[in-house]
Structures are given as structure tokens and as C-alpha cells.
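Peer 1: The structure that follows is given in the form of C-alpha cells.
The values are calculated or read from the model by the stated rules, or taken from the named source; none is laboratory data. The structure displayed is predicted, hence computed values, not measured ones. A quick note on method: Cβ atoms are made from the backbone with ideal geometry, for glycine too, and the neighbour counts reach across all protein chains shown. These accessible areas exclude ligands, DNA and RNA; they are computed on the full protein's heavy atoms, side chains included. Shrake-Rupley method; radii C 1.70, N 1.55, O 1.52, S 1.80 Å.
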Amino acid sequence: MFAQITDGREMSPDLRQELVECWVTVTNAGGAAGFPFPPVTSDEVAPVADQLIASLDPERGRLLLALVGGTLAGWLNVRRNVDPLIAHWGTVHHVQTHTSFRGRGIGAALMRQVRQVAREEMGLEQLRLAARGGVGLEDFYGRLGWKEIGRWPAALRLAPGDDRDEILMVLEL
């Protein structure tokens, strides 16, 4: 089941806690989810999650949640800038599947759902994202119709001697 949060006031304390716990778990398992230097704790993730939740607005940003049996299994954030020059495209951030739900197609289902929501509910024509190189994310997104449009070589330094490309991808809706 999918749910959307378009206003931070819609987020229950329990669901907020599940989101924070998912983010911590995914990051600490090595996921490219916005905190590049694991391990992280709930104390570090919670303020970032709260800022993200507070910024939600039906026109500017939404959370898409994948729920399995009422439990948060994965989530992502889709954002757009309403400036008329660039209001026709949005950006996908923080695509995550909780480690206990991996291998069930939840990440792919979230990406199909965001495509539908972006086109039908937000009126977007294009989605963009940036993915960390070296972990196969470009293959995952490529199987879902995303196209690589460029790379920033060695843009991300995870550790001395561990520089990764940032892969820029686009999906026409």
C-alpha cells in the first residue's frame, strides 16, 4: 500500500519515528540515503527528518510511503521548485527501502508510484535524481526507464581513496 504526506501536520509521531528508524537503518547498512558517513543515530537523523517533514507542501514536496501490513517499508521525497522557468520538472530524493523489506520490489514500486504521482497529481513532465556511483544504482534506475545524462567524476569523497561519481539521471513522464 502507498500513502502520501503532503503536509507535515499529516505525519503522526509513530510514522515519523518509523521514518527516522528506516533512515538510520538504511544509512548504517551502507545505503546512499543522505548521510554519507555511517554510523548515524536517531539523534542525528531526526532533525533532518523534521526539517524535511516541515517543508512538505502539495505543490512543492511530498513524501511517498510504502507500507506493508501497516509498517513503513520504504519511502522517498519528490520536490519541485514552483518558479515558472523550472516548475515542469521535479527531483527525487532519499529513495529508501528498509533493510528488513529488501528484495520484495518495494524500491521499484516506489519509483513507479512517484512517476504516476509526479505526472498525474503534480503535473510534472520530467523527474531528475542524482545517484552515488559504485553501488549499481544507475542499473536499478535504468531498468525503470531512467536515463543517465551525465556524471560528476569523483564528486563524492566517502573516505580517503574512495571517491565516487555522482550520476545524474532523468525520467521523461
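Peer 1: For the range 31-51, which positions are open to solvent by less than 60 Å² (accessible area, probe 1.4 Å) and either among the hydroxyl-bearing types (Ser, Thr, Tyr) or at pLDDT 95 or above (or both)?
Peer 2: Selection gives Val40, Ser42, Val45, Ala46, Val48, Ala49.
Peer 1: What pairs come out if I take residues in the range 37-66 that are under 20 Å from Gly107 (Cα atoms) and pair them with residues that are among the basic types (Lys, Arg) and open to solvent by less than 80 Å² (accessible area, probe 1.4 Å) whose C-beta lies under 8 Å away, six or more apart or interchain?
Peer 2: Pairs found: Ala49/Arg16; Gly61/Arg80.
Peer 1: Scan Ala54, Ala73 and give me the residue that is over 23 Å from Leu156 (Cβ atoms), open to solvent by 50 Å² or more (accessible area, probe 1.4 Å) and touching a helix residue (DSSP H, G or I) at 6+ places or on another chain (Cβ under 6 Å).
Peer 2: Ala54
Peer 1: Please indicate, with yes or no, whether at least one residue in the range 99-114 is in contact with a helix residue (DSSP H, G or I) (Cβ under 7 Å, 6 or more places away or on another chain) and in contact (Cβ under 8 Å) with a residue 40 or more places away in the chain.
Peer 2: Yes; the residues of the range 99-114 include at least one that is in contact with a helix residue (DSSP H, G or I) (Cβ under 7 Å, 6 or more places away or on another chain) and in contact (Cβ under 8 Å) with a residue 40 or more places away in the chain.
Peer 1: So which of Ala154, Ala109, Ala118, Ala130 is in contact with a strand residue (DSSP E or B) (Cβ under 7 Å, 6 or more places away or on another chain), on the phi > 0 side of the Ramachandran plot and not basic (Lys, Arg)?
Peer 2: Numbers: Ala109 fails: on the phi > 0 side of the Ramachandran plot; Ala118 fails: on the phi > 0 side of the Ramachandran plot; Ala130 fails: on the phi > 0 side of the Ramachandran plot.
After applying the criteria, what remains is Ala154.
Peer 1: Right, next: Mind telling me which of the residues Ile86, Ile167 ends up being of a type in the set (A, V, I, L, M) and surrounded by 15 or more Cβ atoms within 10 Å (Cβ to Cβ)?
Peer 2: The match here is Ile167.
Peer 1: Across the range 27-69, what is the total count of residues that are assigned to a loop (DSSP other than H, G, I, E, B) and not charged (D, E, K, R)?
Peer 2: 17
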